[in-house]
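We did not get these values from a lab; they are worked out from the coordinates using the rules stated. What you are looking at is a predicted structure, and each value in this text was computed from that prediction instead of being measured. Neighbour counts run over all protein chains shown; Cβ positions are idealised from the backbone, glycine included.
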Amino acid sequence: MSVRIETFKYDDAIVRKFAAATVLWGIVGMLVGVIVALELVVPEANLGQFWLTFGRLRPLHTNAVIFAFAGNALFAAVYYSSQRLLKARMFSDALSSLHFWGWQLIIVSAAVTLPLGFTTGKEYAELEWPIDLAIAVVWVVFAVNFFGTLWRRRERHLYVAIWFYIASIVTVAVLHIFNSLEVPAGPFKSYSVYAGAQDAFMQWWYGHNAVAFFLTTPFLGLMYYFLPKAADRPVFSYRLSILHFWAIVFLYIWAGPHHLHYTATPEWAATLGMLFSLMLWMPSWGGMVNGLLTLRGAWNKVAQDPVLKFFVAGVTFYGLSTFEGPLLSIKSVNALSHYTDWTIAHVHGGALGWNGLMIAGMLYWLGPRLFQTKAMWSKKLMTIHFWTALVGLLLYVVSMWVAGVTQGLMWRQFDESGRLANPDFVETVQQLRVMYFVRLGGGIVFLGSMVLLAVNFVMTWLRRPAEYAEPVYEAPALEKVAPEPTPVKGGLWQRIAAARWHRRWEALPVTFTVLTTVAVVVASLFEIIPTFLIKSNIPTIASVHPYTPLELYGRDVYLREGCYNCHSQMVRPIRSETERYGEYSKAGEFVFDHPFQWGSRRIGPDLHRVGGKYNHLWHVTHMENPRVVPGSIMPAYPWMLEDPIDFAAIPARVRAMARIGVPYGDAVDHAEALAREQADGIAREIVDQGGPEGLGDKDIVALIAYLQRLGTDIKNAPTPASPPRLQAAAPEGAAGADRKEL
């Protein structure tokens, strides 16, 4: 039977664009990281500018590194390797171009809106609803282009890298859509449809698995393609690849709740997250072993080739991160590590060690092929980059390990009399300043390594030919019916071990995609459904009421300034925390928090019980000059005493919350008047306490209203802010009358 031979060309222009964007945004992301690290040792480094404060720049740094630097890199990897593995040009050049420019527009939008204070307040998902919609559209464009290429492929079986790309594309779409469900309250303002403990669960279902399926699985696909190519050796074990893939896809999705140990989420969910995190260790290390043993017999080549050095170090950091993650998920360890800089060390070991080094290795391998030169401009510069990056990375990670363990031990230390040995939070801050300087140095060194990459990349590009050659390739057209596999002799075990069953799946991309989706969705629903449908998981408290209109606006000011990046709002049921902050937090206290604000780090003290701890004037003075607490590294916020409250925007925000289900009752129709009344009352109290006049229409008053409300609903005494009395329906399931006073 004759076989039809087809000719085709690869589209490397789109790969060049994504590779160039990777280098550009890598430098931007690391530069912003250095700036925020500097601000933790020299708070005045923000130059008194609202858009340069740590709270506003830290989300920009994380988004730039994750979605701009790593995102563009994974797209470059997918577009280059998929075409070769499938023996087909991308489905549509127009869709490729739309994907590239759409993604860059999203990144620029984030770079503009986050410093301006437009944020949802959800870690790793801070972008507001118009940008969320754009992300969904561009991701669909990417998916159509990728799966269209699968449909046009000339290679029957899907190589392991394609498996990981499929899992990443499907799962990221599910995570983004369901975590980003929100109700708009303005052009760049929205509220999550989830609240409190349920929002925390959804956020870390998203947050942990964004790491899994945006920073892990696509980079495993990158590893499975580019490492064997660079080493000129086949992958060590096909069967280990199968075990690695399916274990990662099924187990990873369960692990998110381990971020919520000892919080107000259901205990069973956190325990389940811990158990699955521990189970993840072995399949993750299976991937590391598969990568490193691919280099068996090639260690002399590793010593000579900088590209392989990057890949070996990157895979090693993958192994380190996937051991440290399960370790940190153990409850007894998490009790010490949570909210400390140990978590920061873990995150950067993965993002810079695993992702950063793998990206560098890929770009150096791709450079001569994309620019059609004999080699990179300078092999020596590649080697210098490697050692510079490694030194910077180690300085960063080790300093944060030391800082994190120091924090955790100091927070929980008691003296011989049974009292806290370090009762003032700022004592731990001062103890860590040396490590923060070391971290800053490590960040500067790593940024320098990225500059070396950019120089080498640009100089290689300058040596490109006047016109790129476009080779024409030939391959047989894909047969419509897959050939029957050769039968395997032997019993059941021999047939399973031969993995022919998996080879059949690989020839059926639709079936393979459906099975991957089922694995992800089933695991997700098993935790989500009980959390949302079993009311006993989130018990309500009758005395907990919605925020007043002014308190709601003040909470938005808190989010705008990024206060959640430094302060938690969750007192865990651990003696050292209840001694320091007060009564532990309950799930029912957060039923009107859209989104939740439990935080993931304590650069400053927990704020959940701060309501009534200080008078209004103290908060005014503290925001204007945080050095009223000697040794504090908090930046000043003088603009809060000058910027006017946008009273006209408050009714729309209250209506949006009411649409979500917050029982505001008649307050919806009088939101602005109620906010003005409460603001005037707080302003008068500030004057009575010896403070300045004329603050009744300033942001500082709204923020004070919110802070003074925190943690007071379960107290018998009225809140210090003395809010006007509103009528609102009680939350569903709350004890007491059908309508409660606010």
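Among the trypsin sites (Lys or Arg not before Pro) in segment 224-317, those located in a DSSP loop and surrounded by at most 10 other Cβ atoms within 10 Å of their own Cβ are Arg296.
What's the center-to-center distance, using Cα atoms, between segment 1-53 and segment 439-480 in Å? One Cα centre to the other: 13 Å.
Note on Ala45 and Trp387: their simple-model spin labels are 2.7 nm apart, each label 7 Å out from Cα toward Cβ. From the alpha carbon centroid of segment 679-704 to that of segment 596-672 is 13 Å.
Seen against the Cα atoms of the chain and their longest principal axis, helix 217-231 is set at about 40 degrees.
So which trypsin sites (Lys or Arg not before Pro) in segment 541-640 pass both tests, a DSSP loop state and at most 10 other Cβ atoms within 10 Å of the Cβ?
Listed in order of number, the matching sites amount to none.
By the count of other C-beta atoms within 10 Å, a proxy for reagent exposure, Val522, Val701, Val397 are ordered fewest to most as Val522, Val397, Val701. Quick one: Cα centre-to-centre distance for segment 331-386 and segment 202-259, in angstrom? Result: 16 Å between the Cα centres.
Extending 7 Å from Cα along the Cβ direction at Tyr238 and again at Trp501 yields two label points whose distance is 1.7 nm. Would the chain count as rounded, prolate or oblate if I go by the C-alpha gyration tensor, calling it rounded below 1.5 in a/c and otherwise prolate when a/b exceeds b/c, oblate otherwise? In terms of gyration-tensor shape, prolate.
Taking each of Lys87/Lys229; Lys535/Lys613; Lys189/Lys586 in turn, the alpha-carbon distance tops 22 angstrom for Lys535/Lys613; Lys189/Lys586. Extending 7 Å from the Cα toward the beta-carbon at both Tyr468 and Val112 defines two label points whose distance is 2.9 nm. A run of the chain free of exposed loop cleavage sites, with GluC sites (Glu not before Pro) counted only in DSSP states other than H, G, I, E and B and at most 12 other beta carbons within 10 Å, reaches its longest extent at 1-415. Using alpha-carbon pairs under 8 Å, 6+ residues apart, how would you state the relative contact order of segment 549-741 in percent? So the answer I get is 27 percent.
Summarising the strand pairing of the chain, around 95 percent of its internal DSSP beta bridges are antiparallel. Cβ-to-Cβ counts within 10 Å put Asp697, Asp415, Asp606 in ascending order as Asp415, Asp697, Asp606, the fewest first.
The simple Förster model, with R0 at 30 Å and r as the Cβ-Cβ distance, assigns Lys535 and Val510 a FRET efficiency of 0.15.
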